[in-house]
Amino acid sequence: MIKHAVKRWDIFCKIVDNYGDIGVCWRLSRQLANEHSIHVRLIIDNIHVAQKIISNLDISKPMQLINQVEIVASACLEKKQVNPDAVDAVIETFGCGLPEQYLKQMRPETVWINLEYLSAEKWVSGFHAKPSKHPTLPLTKYFFFPGFDENTGGLIREKDLFKQPESFLNSEETQLTFWKKIGAEATTDLKISLFCYPQAPVKKLWDALAITSKPISLYLPFNSTIDELVCIKKDFKLNVGEILKLGNLTIHVLPFLSQDDYDLLLLGCDLNFVRGEDSWIRALWAGKPFIWQPYIQADDTHLVKLSAFLDFYLSKANPQNKTLIYDASLNWSGYGHYQSNRLNSDIWQQLIDAIPKLQRHGEDVTRLLSQQPDLATKLVIFSENLQRNQV
Ligand code: TRH
């Protein structure tokens, strides 16, 4: 049992693909355990993928305590080593479903919440915190929607999040140590990080960056989409540690970083390309200009999500910044669809030139959002209110 823990929560994580599911669950679990003194049991279906994010995870151990979080391989459920007897709240993430046996053992008073995907769409606040009764068992599940306005579940944000940038950005020595640690040289180049899905027009971006007037270093943390992404030459492969020169652009292939180091990379760069859910929000907290690529969905649903976010993010931006970020984002995500009416070959050059102005805008949005309560805090309050029947 974790020291001083008064409540016990089970968080279920199903890894669909990529790293977002476990990325979000791991951040949330750590925060609940460390800031809210909750004994969190994180139950993961694919411990091998989880190891990418929780680097000190020992895959030979079905149960282990890391950073005050008890990590459990879901195989333990089958062996009936895990049950909801003494659990106060059960968090099902992204509609992953709960095992039948576990569900049958749940007490009616146990709080059951489904943590949904993040979206800035307007309908989210209307659906946040709504209940749904189980068709046969005496249980009610509540839908908790993260979001950008006060009437949603908020965004994941740790208590000390903004202390880190200060100490990182104010110390040259800390920065030097960081770049060395991740296998990159410190440079005075303009710095860009790149994490995207293979559909992004990477080659077009690189071609444009190669002929900019400024030297640019682009940092590419190694991940499973790199081979599909890189189509510069036939049969070309990029390996960790490799440095590739294309005109004024230097591409550094980094290892896949720990979550904490990835956050620092976002902070250390002048512009970040991010994707999915978790890196998106970390880019927002870094306060640097960023281009977000949503997870690609059928019927271009991701473009609806993208537009909703841009409407929010750019609502107070000046007209030039607004047009620029909108066009760059649609180019990046809607490649093929928006090419004819939106594509402007100078867009990436314009984006580079606008970085200082975009940064000021990014900082304003970050400041505004950081005044709202964070997701973990809202989740804890919501769960306590449910226990007292006050929702
Ligand atoms: O990996 P993703 O594409 O995850 C996606 C989304 O969450 C999507 O909504 C979901 O449906 C799908 O998964 C299943 O992108 P995301 O959300 O940014 O998650 C990446 C995680 O990996 C995030 O926690 C940051 C972390 N990361 C590192 O720890 N080190 C790295 O070097 C990099 C590049 C990322």
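The values are calculated or read from the model by the stated rules, or taken from the named source; none is laboratory data. From a predicted model like this one, the values you see are computed outputs, not experimental measurements. Positions of Cβ are backbone-derived with ideal geometry, glycine not excepted, and every protein chain shown enters the neighbour counts.
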Query - Matching residues, region 31-76, being crowded, with 20+ Cβ neighbours inside 10 Å and assigned to a helix (DSSP H, G or I) - result: Gln31, Leu32, Ala33, Ile47, Ala50, Ile53
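Scan Asn67, Asn46, Asn83 and give me the residue that is within 15 Å of the ligand (Cβ to nearest atom), within 26 Å of Lys141 (Cα to Cα) and touching a helix residue (DSSP H, G or I) at 6+ places or on another chain (Cβ under 9 Å).
Asn46
Of all residues in region 198-210, which are part of a helix (DSSP H, G or I) and either within 12 Å of the ligand (Cβ to nearest atom) or within 23 Å of Ala186 (Cβ to Cβ) (or both)? Explain how you work it out, then say what you get.
As a first pass, look at region 198-210 and keep what is part of a helix (DSSP H, G or I): 202-210.
Listed by number, the residues that qualify are Trp206, Leu209, Ala210.
Residues checked against (1) at pLDDT 95 or above; (2) closer than 16 Å to Arg27 by Cβ:
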position: Ile66; (1), (2): yes, yes
position: Ser74; (1), (2): no, no
position: Lys80; (1), (2): no, no
position: Cys96; (1), (2): yes, no
position: Pro99; (1), (2): no, no
Query - Residues that are at pLDDT below 95 and aliphatic (A, V, I, L, M), drawn from region 107-163 - result: Leu161
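Can Asp278 be described as in contact with a Lys or Arg (Cβ under 6 Å, 6 or more places away or on another chain) and modelled with pLDDT of 95 or more? Working first, answer last.
Numbers: in contact with a Lys or Arg (Cβ under 6 Å, 6 or more places away or on another chain): no; modelled with pLDDT of 95 or more: yes.
When the stated conditions are applied, Asp278 does not pass them.
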Query raised in the report: Is at least one residue of region 193-203 under 28 Å from Arg27 (Cβ atoms) and free of Cβ contacts under 8 Å to residues at least 12 places away in the same chain?
Result: no
Query raised in the report: Which of the residues spanning region 168-202 are surrounded by 13 or more Cβ atoms within 10 Å (Cβ to Cβ) and farther than 19 Å from Asp261 by Cβ?
Result: Asp189, Leu190, Tyr197, Pro198, Gln199, Ala200, Pro201, Val202
Query raised in the report: Which of (1) on the phi < 0 side of the Ramachandran plot; (2) surrounded by 15 or more Cβ atoms within 10 Å (Cβ to Cβ); (3) in contact (Cβ under 8 Å) with a residue 24 or more places away in the chain does Gln101 not meet, given it meets every other one?
Result: (2)
Report summary line: Glu70 vs (1) of a type outside the set (A, V, I, L, M, F, W, C); (2) more than 18 Å from Tyr102 (Cα to Cα); (3) in contact with a strand residue (DSSP E or B) (Cβ under 6 Å, 6 or more places away or on another chain): all pass except (2)
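Per-residue answers, yes or no, for (1) outside the structural domain of Val87 (by TED's automatic domain parsing); (2) farther than 21 Å from Trp26 by Cα; (3) part of a strand (DSSP E or B); (4) under 21 Å from the mean Cα position of the chain (by Cα):
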residue	(1), (2), (3), (4)
Tyr102	no, yes, no, no
Trp112	no, no, yes, no
Ser119	no, no, no, yes
Gly126	no, yes, no, no
Pro131	no, yes, yes, no
Lys141	no, yes, yes, no
Gly147	no, no, no, yes
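Does Ile22 meet the test of being in contact with a helix residue (DSSP H, G or I) (Cβ under 9 Å, 6 or more places away or on another chain) and within 16 Å of the ligand (Cβ to nearest atom)? First the steps, then the outcome.
Values: in contact with a helix residue (DSSP H, G or I) (Cβ under 9 Å, 6 or more places away or on another chain): yes; within 16 Å of the ligand (Cβ to nearest atom): yes.
Here the answer is yes, as Ile22 does meet what is asked.
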Query raised in the report: Only one of (1) within 16 Å of the ligand (Cβ to nearest atom); (2) in a strand (DSSP E or B); (3) loosely packed, with under 14 Cβ neighbours inside 10 Å is not met by Gly95, so which one is it?
Result: (2)
Requested in this report: Could you tell me whether Ser213 is assigned by TED's automatic domain parsing to the domain that holds Leu351, within 15 Å of the ligand (Cβ to nearest atom), in contact (Cβ under 8 Å) with a residue 12 or more places away in the chain and of a type in the set (S, T, N, Q)?
Outcome: no
**Report entry** Tabulated pairs, region 302-314, first assigned by TED's automatic domain parsing to the domain that holds Asp149, second buried (at least 20 other Cβ atoms within 10 Å of the Cβ) and in a helix (DSSP H, G or I), C-beta under 7 angstrom, 6+ apart or interchain
**Finding:** none
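Quick test for you: out of Val72, Val82, Val124, pick the one residue that is out of contact with any His (no Cβ under 8 Å at 6 or more places or on another chain) and either farther than 27 Å from Tyr19 by Cβ or in contact (Cβ under 8 Å) with a residue 40 or more places away in the chain (or both).
On the way: Val72 fails: either farther than 27 Å from Tyr19 by Cβ or in contact (Cβ under 8 Å) with a residue 40 or more places away in the chain (or both); Val124 fails: either farther than 27 Å from Tyr19 by Cβ or in contact (Cβ under 8 Å) with a residue 40 or more places away in the chain (or both).
Matching residue, one of Val72, Val82, Val124: Val82.
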Requested in this report: Determine whether Pro289 is modelled with pLDDT of 95 or more, away from the ligand (no atom under 16 Å from the Cβ), under 22 Å from the mean Cα position of the chain (by Cα) and not aliphatic (A, V, I, L, M).
Outcome: yes
